[in-house]
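Engineer: Mind looking over this structure? Questions follow.
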Amino acid sequence: MQMKVNFENSVTRNAAFISLGTDNCTVVFGAGGGGLALPQIKGSGKRYLAGDIEVLEEHSAAMMFRCYLPGAEKERIFMRFGLLPGFKTRICLDLNLLDNSTIFTNRTPGTLKLVIHGKRTDINSVDIFELGMEETFHEVKVRLENFFLTDERPEEYPLPQRKLVDEFGQWKEKEWPGKIHSMEELKTRLKGYEKKAEYPFPEWNRWGGDAGRKLKEGTGYFSTFKSEDGRWHLVDPDGCDYFSLGPCGTNPGDHCRIDSFEQVCDWLPDVNDPEFKDLYMTGTMRRAAYMPPDTYKMLSFTALNLKRVYGDSWKEKWEEISYNILMGNGINSQGNFPGLCVNNGRSKLPYVRELPGFPTTSTLIFRDFPDVLSPEYHEKSEKYAEYLTQWKEDVWLIGYFLRNEPEFNFVEGLAIADEVLHNPEQTYCRLGLIRYLKETYGSIEALNKAWASAFESFDDFRKPIDCCSVDYPKSQQDIRDFSKYLIREYIKVPSLACRAADKNHLNLGLRWSKAYNADMMAGWEYFDVFSINCYDFDPSRDMNFVMNAGVDLPILLGEYHCGALDRGLPATGLKGVKNQEERGVMWRHFVEKAAAHPYGVGAHWFQYNDQFCLGRYDGENYQIGMVDICMQPYKELMDAAYETSKILYKVKNGEAEPYSRLPESIPMIGY
């Protein structure tokens, strides 16, 4: 049974009603990020909040659903989700996800990406449920209507019948410099990039290393070196200084999610057309082991555009154009998710890649954290490492990431041992924690004295404990120590298996999503390089956190980016800047700060291609590419890349100062 939401009962925060009725309203949210409280959710006992939203602006909006405890000024947990501009969309928020069991959800028709951040929250403890807006650079108008609470997930998600995407995959609602308007224009532009690829700097060798800076005898593969001045370096196969600089996702376009969006596209090839059917991707995927499967239909508009121009030779022409654009502007690497001549004997750019299928277990501790003390984890780690035998003789491979952005790490301050005790399953990790406590204290009386607790026996730890380090504050040190042990095992077991399978390539670590939890630094000694993704304008803070936590390894920045709204997409990504010129400023400042850091050995931009204006598989639709959907490079960004690469090795070795100006930023439009 549905319960209608009455907006006349709502209370605004940093927002004002433009119009107000019982079942609809138009609200202007302040630039600082306002909200509209929905008091009917409290005590309703309903699982889902659903309703229709239209963003009355020219760009996408990052909407927020915030949950506040009594008297709190900051939300305890929130959902952030993206919506297209001027496109009325039905949303559905699952209130069961306040348990913080996931950061991601599958898309519903019309919506963009949804993420969940914060701490596990009992819905009955929430005082205020608020639907609102993320901080942005101006006031944002939104229309809300037909909201209701229900125990059954809605089956219908009606979408406007309106064309949003042209035949080239571009956003129809806007004009910008460089937009393609005809096939003849596209052919002429692409042919202008058909050139021999070469580095513009005579001192660079074929790897993109500095031939004049030999650090040691080459091993034939990439390696590391710490010089007498305390600087860490990557070393190319010839033994020369090498700083890894380039984009992630060097593929012929992003995968564009078109299921539910087909009617808003000007033109799509028939999925059964033999000329184009190979450009479609259809099927079912599971984003994480604990998430439900998601059926999808995707198409690469970039590949489609290239095939319409070049026919069956489109892939070779894409390679030629990509090598010219990248190498010609001083790009010497492919970041994670590479696709440009990987392990096929035709490589011109060194690359890194992620080892697929990171070991999991049938029972998970929290989100994607496995039962790392189980025999199953060891067995699956051995199997996982076998994949490396396919790559181990590729000299262009710098190294491999074990995985990308473990999802448990998105919870700030997480202690994984707390989650071991919260989880009711009798896991090997739980048994290991009980054993650790017995060995540490000897008797339950000694533990109770130390923790100011009243457990009757160690068997009490077989029962779920909501949050041990909060319920028993004096347990915090033990919880932290055992958490670090589990993280170390999480890293150690697959790392040793990988080293046994492949002694040629570097273990580049886990691509942690953020460096803010010292527990996650445990196990670094099993890596060759420590990698983090850093969405900030200056990487120094995160790099210093890693270094000051005692990690003595080269640091690779696996992702960074920014976007602007002056070109063909309605969202900036995880960092926003004023315009394309400022994107170039960010490139220079970020990369040169990373190179100047004594532990910095690489920075990988996310990503090579712009995302699709209607969203990739999960709904990200960011203007973050080095090239757009028609393979047109962003000149301002590429010019900046060239200027940085021209002095890269001087900055790396303290002979030149890094670029100092920060870009003019705007609050992100990202999800």
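The values are calculated or read from the model by the stated rules, or taken from the named source; none is laboratory data. Source: prediction; values computed, not measured. Cβ: placed from backbone, ideal geometry, glycine included. Neighbour counts: every protein chain shown. Remember, those area values only see protein heavy atoms, side chains included, never the ligands or the DNA or RNA. Shrake-Rupley method; radii C 1.70, N 1.55, O 1.52, S 1.80 Å.
Engineer: Can you pull out the residues in segment 613-671 that are of a type in the set (S, T, N, Q) and more than 26 Å from Gly209 (Cα to Cα)?
Structural biologist: Looking only at segment 613-671, we keep the residues that are of a type in the set (S, T, N, Q), and these are 621, 623, 632, 644-645, 653, 660, 665.
Once the filter is applied, which keeps residues that are of a type in the set (S, T, N, Q) and more than 26 Å from Gly209 (Cα to Cα), segment 613-671 yields Asn621, Gln623, Gln632, Ser665.
Engineer: Another question, if that's okay. Can you tell me how many residues within segment 27-41 are of a type in the set (S, T, N, Q) and surrounded by fewer than 17 Cβ atoms within 10 Å (Cβ to Cβ)?
Structural biologist: Narrowing segment 27-41 to residues of a type in the set (S, T, N, Q): 40.
The next check asks that each one be surrounded by fewer than 17 Cβ atoms within 10 Å (Cβ to Cβ); those that pass are none.
Total meeting the criteria: 0.
Engineer: Right, next: Quick one: count up the residues across segment 292-309 that are without any contact (Cβ under 8 Å) to a residue 60 or more places away in the chain and crowded, with 16+ Cβ neighbours inside 10 Å. Step through it out loud before you land on a result.
Structural biologist: Initial filter on segment 292-309 (without any contact (Cβ under 8 Å) to a residue 60 or more places away in the chain): 293, 295, 297, 299-300, 303, 307.
Next, only the ones that are crowded, with 16+ Cβ neighbours inside 10 Å stay: 297, 299-300, 303, 307.
Qualifying residue count for the region: 5.
Engineer: Hey, Tyr323 hits all of (1) under 30 Å from Leu637 (Cα atoms); (2) modelled with pLDDT of 95 or more; (3) not in a helix (DSSP H, G or I) but one; which does it fall short on?
Structural biologist: For Tyr323, the exception is condition (3).
Engineer: What are the residues in segment 157-172 that are open to solvent by 40 Å² or more (accessible area, probe 1.4 Å) and either modelled with pLDDT of 95 or more or among the aliphatic types (A, V, I, L, M) (or both), if any? Walk me through it before giving the result.
Structural biologist: If we filter segment 157-172 for residues that are open to solvent by 40 Å² or more (accessible area, probe 1.4 Å), which is where we start, we get 158, 161-163, 167, 172.
Within segment 157-172, Pro158, Lys163, Glu167, Lys172 meet the criteria.
Engineer: Okay, moving on. Does segment 261-286 hold any residues that are crowded, with 17+ Cβ neighbours inside 10 Å and of a type outside the set (Phe, Trp, Tyr), and which are they?
Structural biologist: In the first step, residues of segment 261-286 are kept if they are crowded, with 17+ Cβ neighbours inside 10 Å; the result is 261, 264-265, 268, 276, 279-280.
Matches in segment 261-286: Val264, Cys265, Leu268, Leu279.
Engineer: Cβ-Cβ below 6 Å, separation at least six or inter-chain, first residue in segment 425-436 and among the acidic types (Asp, Glu), second not in a helix (DSSP H, G or I): which pairs?
Structural biologist: Close Cβ pairs satisfying both conditions: Glu425/Thr363.
Engineer: Conditions: (1) in contact (Cβ under 8 Å) with a residue 12 or more places away in the chain; (2) closer than 30 Å to Asp166 by Cβ; (3) surrounded by fewer than 18 Cβ atoms within 10 Å (Cβ to Cβ); (4) of a type outside the set (Gly, Ala, Ser). Ile321 meets all but one. Number of the miss?
Structural biologist: That leaves (3) as the condition not met.
Engineer: When you look at Asn336, is it buried (at least 18 other Cβ atoms within 10 Å of the Cβ) and not hydrophobic (A, V, I, L, M, F, W, C), yes or no?
Structural biologist: Numbers: buried (at least 18 other Cβ atoms within 10 Å of the Cβ): yes; not hydrophobic (A, V, I, L, M, F, W, C): yes.
Criteria met by Asn336.
Engineer: Across segment 492-516, which residue is least open to solvent (accessible area, probe 1.4 Å) among those that are among the basic types (Lys, Arg) and assigned to a loop (DSSP other than H, G, I, E, B)? Break it down stepwise before answering.
Structural biologist: So the first thing to find is which residues in segment 492-516 are among the basic types (Lys, Arg), and the list is 492, 499, 503, 511, 514.
So of that shortlist, the ones also assigned to a loop (DSSP other than H, G, I, E, B) come out as 503, 511, 514.
On the way: Lys503: 152, Arg511: 0, Lys514: 49 Å².
Among those residues, the one meeting the criterion is Arg511.
Engineer: Considering segment 517-549 alone, what residues qualify as being out of contact with any helix residue (DSSP H, G or I) (no Cβ under 8 Å at 6 or more places or on another chain), farther than 16 Å from Trp605 by Cα and outside any helix (DSSP H, G or I)?
Structural biologist: Selection gives Asp528, Val529.
Engineer: Follow-up. Among (1) open to solvent by 10 Å² or more (accessible area, probe 1.4 Å); (2) out of contact with any helix residue (DSSP H, G or I) (no Cβ under 7 Å at 6 or more places or on another chain), there is one condition Val601 misses while meeting the rest; what is its number?
Structural biologist: Status for Val601: all satisfied but (1).
Engineer: Got a number for residues in segment 606-658 being farther than 19 Å from Tyr323 by Cα, open to solvent by 20 Å² or more (accessible area, probe 1.4 Å) and not β-branched (Val, Ile, Thr)?
Structural biologist: Total meeting the criteria: 9.
Engineer: Step by step: first the residues of segment 227-251, then only those that are open to solvent by 20 Å² or more (accessible area, probe 1.4 Å) and touching a residue at least 40 places away in the same chain (Cβ under 8 Å), then the one that is nearest to Leu299 (Cα to Cα). Which residue is that? It would help to see each step written out before you state the result.
Structural biologist: Taking segment 227-251 and keeping what is open to solvent by 20 Å² or more (accessible area, probe 1.4 Å), we get 227-232, 238, 251.
With touching a residue at least 40 places away in the same chain (Cβ under 8 Å) added as a condition, the list becomes 229-232, 251.
Numbers: Asp229: 50, Gly230: 48, Arg231: 44, Trp232: 42, Asn251: 13 Å.
The residue in question is Asn251.
Engineer: Something else: Here are some conditions: (1) open to solvent by less than 10 Å² (accessible area, probe 1.4 Å); (2) over 30 Å from Thr295 (Cα atoms); (3) touching a Phe, Trp or Tyr at 6+ places or on another chain (Cβ under 8 Å). Leu662 meets all but one. Which one does it not meet?
Structural biologist: (1)
Engineer: Before we move on, is Gly619 touching a residue at least 12 places away in the same chain (Cβ under 8 Å), within 18 Å of Ser300 (Cα to Cα) and not hydroxyl-bearing (Ser, Thr, Tyr)?
Structural biologist: Values: touching a residue at least 12 places away in the same chain (Cβ under 8 Å): yes; within 18 Å of Ser300 (Cα to Cα): yes; not hydroxyl-bearing (Ser, Thr, Tyr): yes.
Spelling it out, Gly619 is indeed touching a residue at least 12 places away in the same chain (Cβ under 8 Å), within 18 Å of Ser300 (Cα to Cα) and not hydroxyl-bearing (Ser, Thr, Tyr).
Engineer: Hey, does segment 381-397 have a residue that's acidic (Asp, Glu), under 24 Å from Ala288 (Cβ atoms) and not in a helix (DSSP H, G or I)? Break it down into steps so the answer makes sense when it comes.
Structural biologist: Of segment 381-397, the ones acidic (Asp, Glu) are 382, 386, 393-394.
Those left that are additionally under 24 Å from Ala288 (Cβ atoms): 382, 386.
Restricting the remaining residues to those that are not in a helix (DSSP H, G or I) gives none.
No, because not a single residue in segment 381-397 is acidic (Asp, Glu), under 24 Å from Ala288 (Cβ atoms) and not in a helix (DSSP H, G or I).
Engineer: Also, I was wondering about something else. Quickly run through segment 478-491 and pick out the residues that are open to solvent by 10 Å² or more (accessible area, probe 1.4 Å) and in contact with an Asp or Glu (Cβ under 7 Å, 6 or more places away or on another chain).
Structural biologist: Within segment 478-491, Arg480, Lys484 qualify.
Engineer: So, in segment 133-191, how many residues would count as being assigned to a strand (DSSP E or B) and more than 29 Å from the chain's Cα centre (by Cα)?
Structural biologist: Initial filter on segment 133-191 (assigned to a strand (DSSP E or B)): 133, 140-150, 165, 171.
If we keep only those that are more than 29 Å from the chain's Cα centre (by Cα) too, we end up with 143-150.
Number satisfying all stated conditions: 8.
Engineer: Using beta carbons and a limit of 8 Å, which pairs, at least six apart or on different chains, have the first residue in segment 477-489 and within 14 Å of Cys467 (Cα to Cα) and the second one charged (D, E, K, R)?
Structural biologist: Partner pairs satisfying both residue conditions: Ile479/Asp418; Arg480/Asp519; Ser483/Asp418; Ser483/Asp519.
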